[in-house]
Each structure stands twice: as structure tokens, then as C-alpha cells.
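The values are calculated or read from the model by the stated rules, or taken from the named source; none is laboratory data. These numbers were taken from a predicted model, which means no experiment stands behind them. Positions of Cβ are backbone-derived with ideal geometry, glycine not excepted, and every protein chain shown enters the neighbour counts. With ligands, DNA and RNA removed, areas are computed over all heavy atoms of the protein, side chains included. Shrake-Rupley method; radii C 1.70, N 1.55, O 1.52, S 1.80 Å.
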Amino acid sequence: MTAASALAAAVPPPSGRKVPCEKCPLRGIHALREFSAKELEFVTEFKSGELNVQAGTNILLQGTNSAHLYTILSGWAFRYKSLADGRRQILNFALPSDFLGLQGSVNDEMQHSVEALTDMTLCVFPRDKLWNLFRDYPTLAFDVTWLAAREEQILDEHLLSIGRRTALERLAYLLLAVFQRAEEVGLAKGNTIQFPFTQQHVADMLGMSLVHTNKTLRRLSATKAIRWKERRFELLDREALTNLASYELPRERPNRPFI
């Protein structure tokens, strides 16, 4: 089976529209900007349906070309690249309101894969209508550009972690950054969240062995800045974790965009 046919077998076709854009739950999140009436009308027309996928499904596959773009309505995913022998590098986690598949629109094929970390619901947009957005809605076109630039910024920090941060700094930065992103879209309850990823996912993102990741997590937990047990994560001291990460996260743009 080819990569393209494997992807087609894994991802079901879009279902009918069950969540009208004007009643999208993401619109109630304070951190996300509101659409104008004309923008909302366009996005409503742009959206072709919704897609429900199970955890473990490859939504997009490296080396293939997808006809669709996606906004995550609910659930978590991760972006990754693989070598021929199966070694995997996780590039980033994707959360509700994140946009998937833009790279395939620019390069004609995906240079990384996206796998569902949990069961997910995705809003589906046909790729061939993306030009209409750029042609007729400059504010939405800027939003897409901003989302791409934000992803670049996240990858810049990830590269800095791999290249220059110590193991403890890498782990502190990753947990803080992911927690704050989840907090922004309402997934955290106070200082607590149920992370859906495992230590193996963390190891694959940080370029460390599972044993090294486990030892580093124990060192980090000993600082009393965090507690992470059975995927329940608690941020006990944000300032201490920021200092341990050797980085102060930039402030997000107020009311950041989503499509």
C-alpha cells in the first residue's frame, strides 16, 4: 500500500456540518479574535464540513498531497517527521484553534506528518479555495500569515532547545510552553491539566532517550516547580519553571487569529 492510499484508508471523508461557524465554540475563547460579519460569512462558505478522527490516525502524511486544510475544533495532535528506519522527531503539538496543512498548499506536498494524539474533531476547508481568501479578504490573509509565522517562532524555540538548552532546560521549556498554549484555549483548570501525551512523546520531541527523559523529569519534579503523574500535570511555580527553562515566553498577540 502506498503512503497516499494508506492515508486515504486512515482518514474518513468529511461528515456533514454539525457545528455552524456562527456557533463555533472556539469563538467563545477570549484569546481568539472575533470575525467581522463578512469574514464569518466567507469562512462559513469556505468550510466544507467536519471530520471526526480517532487517536492514532494520520491526518496528514509526509510526502503526500492533501486536498484539505484543517482547523482543530477539539482534541490534540502532533506534527512529526520520520526517517526511513522509523526514527521519529516530533516537531510540535497541535491544539484547538491550530491550523493544519498549510505547508502542503505552498509546497504541493507535506514535508511532515500529523497524527491525532486524542480523538479529534476538525473543521475541513478545501485547499483549492484558499486563494479566494487571499484575493478577497486581506485581514484573513494576514491571519494565515500570522499563524505561519507563529509556527516558525515555535520551531525556532524548539531548535534552540535541541541545540543549546540543557536537558533540564529543554523539559522545563516544553512543559511550560505547552501548558500556556493549552491554558490560552481553555484546556487548563487553574494550574492543572490532563496532558494526553506520554514521556515517549516528550523524548521524541526533545531528542532524548526515554530513560534520560524519565531521569530529567524526576530532577524537574524535585524542584517543586511542577508535578506530573499519570498524565495529570500541575504547574506549581510558574516563575521558577520559567527560570529553569532559561527563557521568558513572549506575550501572545491579544485576541490572536484562527481560521
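Quick notes on this structure:
- Across the chain, the longest run free of exposed loop sites, meaning GluC sites (Glu not before Pro) lying outside DSSP classes H, G, I, E and B with no more than 12 other Cβ atoms within 10 Å, spans 35-229.
- Portion, in percent, of the accessible area of the chain that falls on carbon or sulfur, probe 1.4 Å: 53 percent
- The stretch 130-221 shape via C-alpha gyration tensor axes, a/c threshold 1.5: prolate
- Working from Cα pairs under 8 Å separated by at least six residues, relative contact order for the chain is 21 percent.
- If the segment from Gln54 to Ala84 were pulled out straight at 0.36 nm per residue, it would be longer than the present Cα-Cα gap by 8.3 nm.
- Accessible surface, the chain, averaged per residue in Å² (probe 1.4 Å): 49 Å²
- In the chain, the DSSP-assigned H stretches of four residues or longer account for a calculated mean residue ellipticity at 222 nm of -12000 deg cm²/dmol, using -39500 (n - 2.57) per stretch and the full residue count as denominator.
- Distance (nanometres) between label positions extended 7 Å along Cα→Cβ at Thr118 and Lys18: 1.6 nm
- Solvent exposure ordering (accessible area, 1.4 Å, most first) of Asp156, Asp128, Asp237: Asp128, Asp156, Asp237
- For the chain, built as a Gaussian network whose Cα springs stay under 10 Å, the top-fluctuating residue of Arg135, Arg170, Arg127: Arg135
- Think of the stretch 126-259 as a dipole: +1 on every Lys or Arg Cβ, -1 on every Asp or Glu Cβ, centred on the Cα centre; then among Pro126, Leu160, Met208, Met208 lies furthest on the positive end.
- For the chain, the Kirkwood estimate of the hydrodynamic radius, built from every pair of different alpha carbons, is 19.2 Å.
- Listed pairs Lys23/Lys189; Lys18/Lys81; Lys189/Lys229 exceeding 28 Å between Cα atoms: Lys18/Lys81
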